[in-house]
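The values are calculated or read from the model by the stated rules, or taken from the named source; none is laboratory data. All values derive from a computational prediction rather than experimental measurement. In this analysis, Cβ positions are derived from the backbone assuming ideal geometry, glycine residues included, and neighbour counts consider all displayed protein chains. Side chains are part of the model used for accessible areas, which takes the heavy atoms of the whole protein and leaves out ligands, DNA and RNA. Shrake-Rupley method; radii C 1.70, N 1.55, O 1.52, S 1.80 Å.
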Amino acid sequence: MAKTMFEKIWEQHIVAEPEGQPALIYIDLHLVHEVTSPQAFEGLRLSNRKVRRPDLTISTVDHNVPTDETRVDEIKDPIARQQVDTLRRNCEDFGVTLYDVDSSAQGIVHVIGPEQGYTQPGMTIVCGDSHTSTHGAFGSLAFGIGTSEVEHVLATQTLRQAKPKTMEVRFDGELKQGVTAKDMILAAIGKLGTAGWTGYVVEYTGDAVKKLDMAGRMTICNMTIEGGARAGLIAPDDITFDWMRGRKFVPRGEKFDQAVKQWRQLASDEGADYDSLLKIDCNDLEPHVSWGTNPGQVAKISDRIPSPDDFNDPADVSSAKNALEYMGLDSGTAIEDIAVDRVFIGSCTNARIEDLRSASEIVKGRKVASTVRAQVMPGSTLTKMIAEKEGLDDIFKEAGFEWRESGCSMCLGMNPDILVPGERCASTSNRNFEGRQGKGGRTHLVSPAMAAAAAIEGHFVDVRDWETE
Amino acid sequence: MEKFTQLTSIVAPLDRANVDTDQIIPKQFLKRIERTGFGEFAFFDWRYLEDGVPNPDFILNEERYAGANILVGGRNFGSGSSREHAPWALMEMGFKAIIATSFADIFRNNCMQNGMLPVILQESEVDTIMARALRGSGYKVTVDLESQTVTDGQGLNASFEVDPFRKNSLIEGLDDVGITLTLGEAIDSFEEKRAALW
């Protein structure tokens, strides 16, 4: 019988399916960070348990670390420092590899997993972070879990999971110049809403997906959770294998060739059945900008801010009202007329080297508007090093951007990088929730190119019209 | 884990769709390394004014909902971040059950890992509970896990689905790790098989 990629990976990982219980599935890779793990390690200690497979567990510090250079000597916030110190102690006590602030492999957990070659097709991957869905870009079944489940995986290397339904999201057609993976996923969430995929694993297919580079595929899978699905998948292909080849923890030589042969088998079979289908035409897709306080409230760059009356569902009407009030926006305002105070290029959604290159092309030879403070936080320390080798740091700095250290940073504002009340930010991150980037802060989600262009012009502009050097 | 069997309580209403976990517990409070100490910061941005005084306009601050153990919310409750600090904070606020038309997956799992029951009801049923909770004071419902029903003595008689495994864990107060470790042999043999492949 024809099977979907999800079904293949799922079936390969069932450890047990006791009568009347959800399946127990094996976890191939567990990523750990400082914020959602302390209580899990403490739970192990209290029950005198150990980490079953420290060799399948890796950790880094990303969520609360500052993005200035002083962090290597000392994290100034005592509570943040305690959390990082706790992770250090836990990793030492339980024998888990830690990529600390002084390591070139340090970075946002969903950037370093693929970058170091830990993330591989066909794996099951979990992390106490909802954006674990990112790794699905390699054809691995990856999803976020809570701290109790982190403890469960640490202790047993398994997880209890009810089998989700499957949805195919097919992106047909071809992207126009200036339109990116970020716009594809924002458009999809705009169509289905932030709960449209709840209970599903989404597989992204179609010509537009096949042509995306790995960074773009990761952006799409990353934001799958914003549509409510815990995992997104993309079939691995030559683009995947070329991107992986030579990375530190990827098999080499003959072993790599053998692995590729297996990985090719993962793609969904011809005629495999999904429970649901969403089609999106990419030929007419425009750059997107979020206007509200959830990632489903998005508009095309050529659009205007909607009115609450444009919506039918009473909950959508009231959400739109609340959002416009919080965002300080009036219905009917052209998206291009919205001025920004801050620009953040960073996060597990859009801070890979490809994203930085794309933003730097927009920025090159230009200056950040005098009304804007613009920052780049590379996704990992290695990404930062590669960017510096390519001279991207100079392009950003000459334009007036701040070039900082890697971490989750202003995506969630757990470290000192936050918006002040009322500040408006063009952000390459994934969530525009109230207060996400700082209490009273107003977030507009966009692609790296759109964020870079907004930094230069001081307001949103259509990057399709942008002339690069 | 605390057991959940039956609960009768005042209902506190939060009539908003897509209440995300960033709202339930903002990030600046996630730096604690304990499972406790989050309750006073729940809904921080809505609950308090600039100077730290309770916001009189935030509905959960109203005296008539004091002591409520049941929260009724809008659809897609608990969306966004996987932070388990959200259910921890809600539990410390006193909530033991949440009623809504839908929940985000990770949040729902996290609740059940902590003995808190997420109850999914039909839209008309949630609307009824919401309206009655908003109208007066002292409106109570009974959530019964054994019979999988929600009743209010005013004609509401709603039933809900729950995974039998999760139901048993909640009723018995069992934690997952202990149950899974009884399957140790299955994990061992899976790992042997896996080692041959990887």
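Mean partner shielding of peptide B:79-91, defined as the number of other chain Cβ atoms within 10 Å of each residue Cβ, is 6.
Here is the interface size for B with A: some 5000 Å² of accessible area buried, both sides summed, with a 1.4 Å probe.
Over chain A, what relative contact order in percent results from Cα pairs under 8 Å that are six or more residues apart? Over chain A, the number comes to 17 percent. Put simply, the convex hull of the Cα atoms in region A:122-200 casts, on average, a shadow of 6.5 nm².
Take every pair of alpha-carbon atoms less than 8 Å apart whose residues are at least six positions apart; their mean separation over the length of region A:1-90 yields a relative contact order of 27 percent. Global size of region A:244-322: 21.9, 61 Å for Rg and Dmax (C-alpha atoms, Rg to one decimal, Dmax whole). Each label was represented as a point 7 Å from its Cα along the Cα-to-Cβ direction; for B:VAL162 and A:ARG357 these points are 5.3 nm apart.
Summing +1 for each Lys or Arg and -1 for each Asp or Glu among the other residues whose beta-carbon sits under 11 angstrom from that of A:ASP309 gives -1.
Computed from the C-beta positions of A:LYS389 and A:ARG45 and an R0 of 60 Å, the FRET efficiency is 0.90 to the nearest 0.05. Given points 7 Å out from each Cα along the Cα-Cβ axis, report the A:ILE79 to A:GLU92 separation in nanometres with one decimal. Spacing of the two 7 Å Cα→Cβ label points: 2.5 nm. Taken over region A:53-153, the percentage of Cα pairs per 10 Å bin, counting from 0 up to the bin with the maximum distance, is 15, 46, 33, 7, 0. Across region B:85-194, Cα pairs under 8 Å and at least six residues apart give a relative contact order of 18 percent. A simple spin-label model places the labels of A:GLN258 and A:LYS163 3.1 nm from each other, with each point 7 Å out along Cα-to-Cβ.
Computed log10 I(q)/I(0) for the protein assembly as shown at 0.05, 0.06, 0.07, 0.09 Å⁻¹: -0.21, -0.30, -0.42, -0.71, from the Debye equation with unit scatterers placed on every C-alpha and solvent omitted. Expressed as a whole percent, the proportion of Cα-Cα pairs in region A:368-430 lying more than 18 Å apart is 39%. Less than 20 Å from a label point 7 Å out along the Cα-to-Cβ axis of A:ASP213: which backbone N atoms in region A:343-361 qualify, by residue? Inside the label zone: A:345-361. A DSSP coil position with no more than 16 other Cβ atoms inside 10 Å describes the following GluC sites (Glu not before Pro) in region A:69-163: A:GLU74.
Which of the GluC sites (Glu not before Pro) found in region B:154-198 are in a DSSP loop and have at most 11 neighbouring Cβ atoms, other than their own, within 10 Å? Mind dumping the intermediate values first?
Numbers: sites: B:GLU161, B:GLU172, B:GLU185, B:GLU191, B:GLU192; in loops: B:GLU161.
Here the sparse-neighbourhood loop sites are B:GLU161.
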